[in-house]
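Below is one structure, written out as structure tokens; the observations come after it.
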Amino acid sequence: MVCAATPQELAAFWPHHEVAPISQQMAWGYQETVAWTCTGVGIPATFATLYPLLDSLRPRLLLHIGIAGAYPHSGLQIGDIVLAESETYGDIGFELPQPPAFRPIREAPFSHSLYTTPLSLALPDEWVAASADMRFHVKRGRGCTVNQCTGTPETAQLRRSLFQADFESMEGAAVAQIGHQKGIPVCEIRAISNMASTRDMRPENIQLALSHLRHYLQACRAQHRP
């Protein structure tokens, strides 16, 4: 099953010459051996859409795709493809009156192992492209999932240092958690559309990221096509 937060991200799974079978009126669908779902943006929407589907569909793999913001000093640049090695929840915690204000819930005595250990992700050979014509960088990194996207350099630095994260999204850890609970491997592939610092969301950078994501996914599919 391939899943993404928005139709624009999900459409990258299909080549340009094919019409992506995505309907705004359907939460999910399938085409031959591939099921798909557009979860919606954020952790609650991801759980509400994806969790019940897996009880009936039971896919062998969850392929989570989309765009993401890269933290400064992560080595990731706009347009890069990042293969996620792990995911963690990045803004569950509490605020203190003194700097650095936010502290993660893992520091509390009532913390759960879900917040202390990153959720590991799978990287099957079929989704590691070996194409020689890649026009962009393909890297590996650690994801941080947040409810509130980073908007300042200070928040970016804090989240990167707290979680040793390279990029952030609003759904990654939710999909990883669902996969772990259901016993289904999760592979997350994202393209960098912005730097998670000052929220410079230029449309041309988003389109570049989506174009690179589609190119990468099609290269993976081509090298494993019978």
Only one of (1) touching a Ser or Thr at 6+ places or on another chain (Cβ under 7 Å); (2) farther than 14 Å from ILE43 by Cβ fails for VAL186. Which number is that? (1)
Checked the stretch 83-114 for anything of a type outside the set (D, E, K, R), touching a Phe, Trp or Tyr at 6+ places or on another chain (Cβ under 8 Å) and not in a strand (DSSP E or B); matches are GLY90, ILE92, LEU96, ILE105, ALA108, LEU114
Answer yes or no as to whether ALA122 is in a loop (DSSP other than H, G, I, E, B), in contact (Cβ under 8 Å) with a residue 12 or more places away in the chain and in contact with a Pro (Cβ under 9 Å, 6 or more places away or on another chain). yes
Report whether or not ARG142 is surrounded by fewer than 24 Cβ atoms within 10 Å (Cβ to Cβ), in contact (Cβ under 8 Å) with a residue 40 or more places away in the chain and in a strand (DSSP E or B). yes
Of the residues in the stretch 39-85, how many are small (Gly, Ala, Ser), closer than 14 Å to THR145 by Cα and open to solvent by 20 Å² or more (accessible area, probe 1.4 Å)? 1
Given (1) within 21 Å of PRO7 (Cα to Cα); (2) modelled with pLDDT under 95; (3) touching a strand residue (DSSP E or B) at 6+ places or on another chain (Cβ under 9 Å), identify the lone condition not met by GLU188. (2)
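The values are calculated or read from the model by the stated rules, or taken from the named source; none is laboratory data. All of these numbers come straight from a predicted model, not from anything done at the bench. When we count neighbours, we look across all protein chains shown, and the Cβ atoms used for this are built from the backbone with ideal geometry, even at glycine. SASA here: full protein model, heavy atoms, side chains in, ligands and nucleic acids out. Shrake-Rupley method; radii C 1.70, N 1.55, O 1.52, S 1.80 Å.
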